[in-house]
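The values are calculated or read from the model by the stated rules, or taken from the named source; none is laboratory data. Worth saying up front: this structure is predicted, and the values here are computed from it rather than measured. Cβ placement follows ideal geometry from the backbone for every residue including glycine, while neighbour counts extend to all protein chains displayed. The accessibility values were calculated without ligands, DNA or RNA, using every heavy atom of the protein model including side chains. Shrake-Rupley method; radii C 1.70, N 1.55, O 1.52, S 1.80 Å.
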Amino acid sequence: MAAQTGLLGTLHMAACAVVYLAVGVLARTVLETRPSAARAVTRASGAMMIVIGGLLLVERLAG
């Protein structure tokens, strides 16, 4: 049972690593070829991080 759990955990980590690297390569390719898209993504990402941070703060203060 422990061997199966270890194997599945390793497989899951490998799959996550592949997806993470693929998204990184795709994002880098798109953003290098389109600087205006890079600025838009940066702004949207920053805004989303601020919203997420605010929601986490509210949740922490409420709970």
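Listed values, structure above:
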| read-out | value |
| --- | --- |
| Rough spin-label spacing in nm, given labels placed 7 Å along Cα→Cβ, for Ala14 and Ala38 | 3.4 nm |
| Whole-percent carbon and sulfur share, accessible surface of the chain, 1.4 Å | 75 percent |
| Value at 222 nm in deg cm²/dmol, rounded to 500, when DSSP H runs of n ≥ 4 in the chain each add -39,500 (n - 2.57) | -34500 deg cm²/dmol |
| Rounded FRET efficiency, nearest 0.05, which uses the C-beta distance separating Ala3 from Ser45 and R0 of 35 Å | 0.30 |
| Which labelled figure in (i) 0.94; (ii) 0.90; (iii) 1.21 is Rg/Rh (Cα atoms, Kirkwood Rh), once derived from the coordinates | (iii) |
| Leu57-Leu21 pseudo-label distance in nm [points 7 Å out on the Cα-to-Cβ vector] | 3.8 nm |
